[in-house]
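The values are calculated or read from the model by the stated rules, or taken from the named source; none is laboratory data. Since the structure is predicted, the reported quantities are computational estimates derived from the model, not experimental observations. Cβ sites come from the backbone with ideal geometry, for glycine too, and all protein chains shown count toward neighbours.
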Amino acid sequence: MDARFLGIAELTETPSVAVVVDVMRAFTVAAWAFAQGAEKIVLAESQADALALKARHPGWAALKDGAAAPGFDMVNSPGLLRSADLGGRTVVQKTTAGTVGALAVKDAPLVLCASFVVADATARLLRARGSDSVTFVVTGEDGQAEEDLACAQYIARKTVEAGANAAEFLRRAADSRAAAELTSGVRRGSHPDDVALCLELDRFPFAMVATSEDALMVLRPCAVPPSPTDGAGPDLDAAADPDPGLDAAADASI
């Protein structure tokens, strides 16, 4: 597999397959939102757009980076989100890096959003697709975020080497600037457990596929059964799978 690792600003053409990585915290939060029952996540261009979407759809929940703000229901923290009841709801997400990266590759035929908590499922989906060329979008710190690069490199290796060891990649993420800032409380709208939750490998059995729906970029979970060569893999029935019907929709989109 030909893997490229690019920052958002380095994207000069539409890739055939894009994996957009934001470990701390956009796509860890997105996975937790699905685990808490969210039907889908709409990736918003701006906070104003997020609030406008919520105004048009009063039942939707809006989520942003940083401290709480009027009109927003949640902040971009897995530690805070894990107690939310999002059963059947649509979440509108706007973050500084993750959602920006996904929207930058919205025209790609296949867009996956990823973090460590869905790393194995993401690699298995890439492997099942037989993707020869994959662009990993490293969203944080202008493409230099160590936690995002480590996760992207791990998924790339896991795609071609099912038994790849994650220890060194997780160590790099744990030592990253983002982890230090979350631990020290520099980043607002956080929870003491955020770093640990962001480094929880393969917590969820689904990948996350983003597609265009009614002019919106929409993220949905897609369960990926283990291939015969993967071993037992995660228990898809026991783990958080919000709605099996969503898997068929996501599969149809790719």
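Computed quantities for the displayed model
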read-out	value
Boolean, Leu63 is within 17 Å of the chain's Cα centre (by Cα), surrounded by 15 or more Cβ atoms within 10 Å (Cβ to Cβ), under 14 Å from Gly98 (Cα atoms) and without any contact (Cβ under 8 Å) to a residue 40 or more places away in the chain	yes
Of the criteria (1) among the charged types (D, E, K, R); (2) more than 28 Å from Phe72 (Cβ to Cβ); (3) at pLDDT 95 or above, which one Asp85 fails	(2)
Identity of the residue in segment 1-38, of a type in the set (Asp, Glu) and in contact with an Asp or Glu (Cβ under 7 Å, 6 or more places away or on another chain), that ends up farthest from Val92 (Cα to Cα)	Asp2
Test set (1) touching a Pro at 6+ places or on another chain (Cβ under 8 Å); (2) at pLDDT 90 or above; (3) crowded, with 17+ Cβ neighbours inside 10 Å - Pro234 fails condition number	(2)
Hits in segment 84-131 - residues which are polar (S, T, N, Q), closer than 21 Å to His191 by Cβ and out of contact with any helix residue (DSSP H, G or I) (no Cβ under 7 Å at 6 or more places or on another chain)	Thr96
Candidates Gly88, Gly185, Gly163, filtered to the one that is out of contact with any Ser or Thr (no Cβ under 6 Å at 6 or more places or on another chain) and under 22 Å from Asp2 (Cβ atoms)	Gly163
From Val92, Val160, residue being in contact (Cβ under 8 Å) with a residue 40 or more places away in the chain and either crowded, with 21+ Cβ neighbours inside 10 Å or within 13 Å of the chain's Cα centre (by Cα) (or both)	Val92
Residue in segment 184-193 that is assigned to a loop (DSSP other than H, G, I, E, B), under 19 Å from Leu63 (Cβ atoms) and of a type in the set (Gly, Ala, Ser) present	yes
In segment 163-173, residue surrounded by the most Cβ atoms within 10 Å (Cβ to Cβ) [restricted to those that are assigned to a loop (DSSP other than H, G, I, E, B) and free of Cβ contacts under 8 Å to residues at least 24 places away in the same chain]	Ala164
Set Gly130, Gly140: member being without any contact (Cβ under 8 Å) to a residue 12 or more places away in the chain and within 23 Å of Thr14 (Cβ to Cβ)	Gly130
Count of segment 3-39 residues which are out of contact with any Pro (no Cβ under 9 Å at 6 or more places or on another chain), surrounded by fewer than 24 Cβ atoms within 10 Å (Cβ to Cβ) and in a strand (DSSP E or B)	3
Complete set of residues in segment 121-135 that are of a type in the set (A, V, I, L, M) and crowded, with 24+ Cβ neighbours inside 10 Å	Ala121, Ala123, Leu125, Leu126
Filtered residues of segment 196-211 (kept if surrounded by 23 or more Cβ atoms within 10 Å (Cβ to Cβ) and farther than 20 Å from Ser184 by Cβ)	Phe204, Pro205, Phe206, Ala207, Met208, Val209, Ala210
Residue in segment 173-181 that is within 17 Å of Leu199 (Cβ to Cβ) and under 14 Å from the mean Cα position of the chain (by Cα) present	no
Failed item in (1) of a type outside the set (Lys, Arg); (2) at pLDDT 95 or above; (3) touching a helix residue (DSSP H, G or I) at 6+ places or on another chain (Cβ under 9 Å); (4) more than 16 Å from Gly98 (Cβ to Cβ), with Ala48 passing the rest	(3)
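Results for (1) crowded, with 23+ Cβ neighbours inside 10 Å; (2) within 17 Å of Ala3 (Cβ to Cβ), shown as yes or no for each residue.
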{"residue": "Ala119", "(1), (2)": "yes, yes"}
{"residue": "Val137", "(1), (2)": "yes, yes"}
{"residue": "Glu147", "(1), (2)": "yes, no"}
{"residue": "Asp175", "(1), (2)": "no, no"}
{"residue": "Glu181", "(1), (2)": "no, no"}
